[in-house]
Amino acid sequence: MFGARRRARDEFRHTVHALTEAARTGDATAAAAAITRLGDLLPRLRRGDPAIDEAVPPVGQIAARLLGTAGPALGPALTVFRSLLTAAQFDAGLQAALLMSVGEDLLRSARETHERQLVDEAVKLGDAAVAAAEPGSQLQAVMLSMLGEACQLRFSNSGDAADLERALEAYRTAADRVTARVLPLRLTGDVRILCLSGLGSCLSLQFQQTADLRVLDEAITAYRRALRIVPPDDLSRPGYLDKLSIALHRRYQATGSADALNEAITLSAEAVETGVPDSTGYASWLHTHAISLLARHRLTDDPHDLERSISLLRNALRVESSGSIRRIRYCFSLGTALQELFLRCNDLAALDEAIGTYRDTLPGSLSDPHLSGMILSHLGVALGQHYEASGGPIEHLNEAITLLQEAVAVLPEDDPNRPATLANLAILLERRSRADQ
């Protein structure tokens, strides 16, 4: 009996070694086979056998990082991981931490691959981590923050309101529960910042669905609370400034509050001034500041705001990587600002650049109906403006009409920009009717 258990332990450890070797070489098939074999051997070992304890971390890491992109092997591997974890001699806190660690690895892969299975498995691991931690503890609050992140990402992919509600509940509970009484002060601050920022992001998403200003105000409050905790010299601070600035800009759009717009400009300017130019979010911070300045230009007709906005948008495009959806949005914003410059100065060169920017951007926007429709609409209007300003051939007007008709077909019925697109189409059709007479 003891000899059989010893042989099983030896084979178990040999299989763990084979697993780590498969991970080193990137052999997902061999890794999946090794994990399956560990599951087969597990019943032949005693609960709490040191060999099991040794196997848990590598199985979780390899399942998430190697098998996380290998499709059907992931689910069975995570089942073995949970079985190993149950059989190990780990306390509840360590079990929760290991579950969360694997879940976070899956979330990182999911952001890159957009695979639904990865997010689903991360949600399951988040639920398991929350259940494993001591109820009501601050450690459980940390697990809740990971669960909130997983549910938020799944909502972004699926649009299921139930996922958004779960994320909101998790973030709210976690943010309220974490205090400085138990966790080290720095860790407490980090967790609260993540929870409050996640709460703000979820509330912002909910506002986009409901247009409920109370929801937006709660998001703004959450972002403010997070910023009060972030140290002034922290490298993450510009990103949080950017989030609050965007929320305030939305409040301006919803209410016309000049105070909200001016604060958005102040905060986004601070993000640009204090951010590291080669950091991941720098182009986004430039864009946020630019569109707030463009909004104030429309409000005050200050030419300096328009000039500064165009300069910032050019910089954002220099920083942003080619082919990203963000770059397409920045191009669209630049085209819009250049159209504003044409309207202000009758600068045909600016209008030509706007038209070229829209044309270059259009192919990459086709996967996003709203963005594609907006680019089609703005390109149609710009061509119509060019026709009027330059006395161009009727073909330019015909192309403008065709583009606006395509925009109407693409934009959803409830899109707030659809009425303006229809109105612009009617104007151009009338112009063509006059030209035909």
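The values are calculated or read from the model by the stated rules, or taken from the named source; none is laboratory data. The model shown is predicted, which means the values in this text are computed figures rather than measured ones. Ideal geometry is used to build each Cβ from the backbone, glycine not excepted, and the neighbour counts take in all protein chains shown. When the accessible area is computed, the model is the full protein with side chains, heavy atoms only, and any ligands, DNA or RNA have been set aside. Shrake-Rupley method; radii C 1.70, N 1.55, O 1.52, S 1.80 Å.
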By the gyration tensor of its Cα atoms, with a ≥ b ≥ c the square roots of the eigenvalues, what is the shape of segment 1-78: rounded for a/c under 1.5, prolate for a/b over b/c, or oblate?
prolate
Given Cβ charges of +1 for Lys and Arg and -1 for Asp and Glu, the option among T210, N315, L227 whose Cα lies farthest towards the positive end of the dipole of the chain is L227
With each pseudo-label sitting 7 Å past Cα toward Cβ, what's the Q89-R214 distance in nm, one decimal?
5.4
Ellipticity estimate at 222 nm from DSSP helix runs (n ≥ 4, -39,500 (n - 2.57)) divided over the chain, nearest 500:
-27500 deg cm²/dmol
Per residue, how much accessible area does segment 57-209 show when a 1.4 Å probe rolls over the protein heavy atoms, in square angstrom?
41
Based on the mean of other beta carbon atoms within 10 Å per residue, what is the order of 281-290, 352-361, most packed first?
281-290, 352-361
Leaving ligands, DNA and RNA out of it, work out the accessible area of F342 with a 1.4 Å probe and give it in Å² to the nearest 10.
20
For segment 310-317, what does the Karplus curve 6.51 cos²θ - 1.76 cosθ + 1.60, with θ = phi - 60°, yield as ³J(HN,Hα) per residue in whole Hz, taken in order and with x for Gly and Pro?
4, 4, 5, 5, 4, 5, 4, 5
If packing is taken as the average count of other Cβ atoms within 10 Å, what order do 47-59, 116-128, 82-94 fall into, highest mean first?
116-128, 47-59, 82-94
With Cα atoms, 0 to 90° folded angle of helix 237-255 axis to the chain main axis:
50
Using +1 at the C-beta of Lys and Arg and -1 at the C-beta of Asp and Glu, which of S433, L348, Y387 has the Cα lying farthest in the positive direction of the dipole of segment 326-437?
L348
Looking at [x] 4, 17, 24, 21, 15, 10, 6, 2, 1, 0, 0; [y] 4, 21, 32, 27, 13, 2, 0; [z] 4, 17, 21, 19, 18, 13, 6, 2, 0, which value of P(r) over Cα pairs in 10 Å bins from 0, in percent comes from a calculation on the structure shown?
[x]
From the phi of every residue in segment 367-376, what ³J(HN,Hα) in whole Hz does the Karplus formula 6.51 cos²θ - 1.76 cosθ + 1.60 yield, where θ is phi - 60° and glycine or proline is x?
7, 10, x, 5, 5, 4, x, 5, 5, 4
Using alpha-carbon positions, the gyration tensor of segment 323-437 gives root eigenvalues a ≥ b ≥ c; with a/c under 1.5 called rounded, otherwise prolate if a/b exceeds b/c, else oblate, the class is oblate
The local net charge around V408, scoring Lys/Arg +1 and Asp/Glu -1 for residues other than V408 whose Cβ lies under 14 Å from its Cβ, equals -3
Would you mind checking the tilt of helix 116-132 against the longest principal axis of the Cα atoms of the chain, expressed as 0 to 90 degrees and rounded to 10?
50
Remind me, relative contact order of segment 231-336 in percent, using alpha carbon pairs under 8 angstrom and six or more residues apart?
22
For a quick protection proxy, order the peptides 95-106, 131-142 by their average other-Cβ count within 10 Å, most packed first.
95-106, 131-142
Helix 185-210 sits at what angle to the longest principal axis of the chain, using alpha carbons and giving 0 to 90 degrees rounded to 10?
50
Segment 20-97 versus segment 204-275: alpha-carbon centroid distance in Å:
42
Summarise the accessible area of the chain (1.4 Å probe, protein heavy atoms) by the percent that is carbon and sulfur.
53
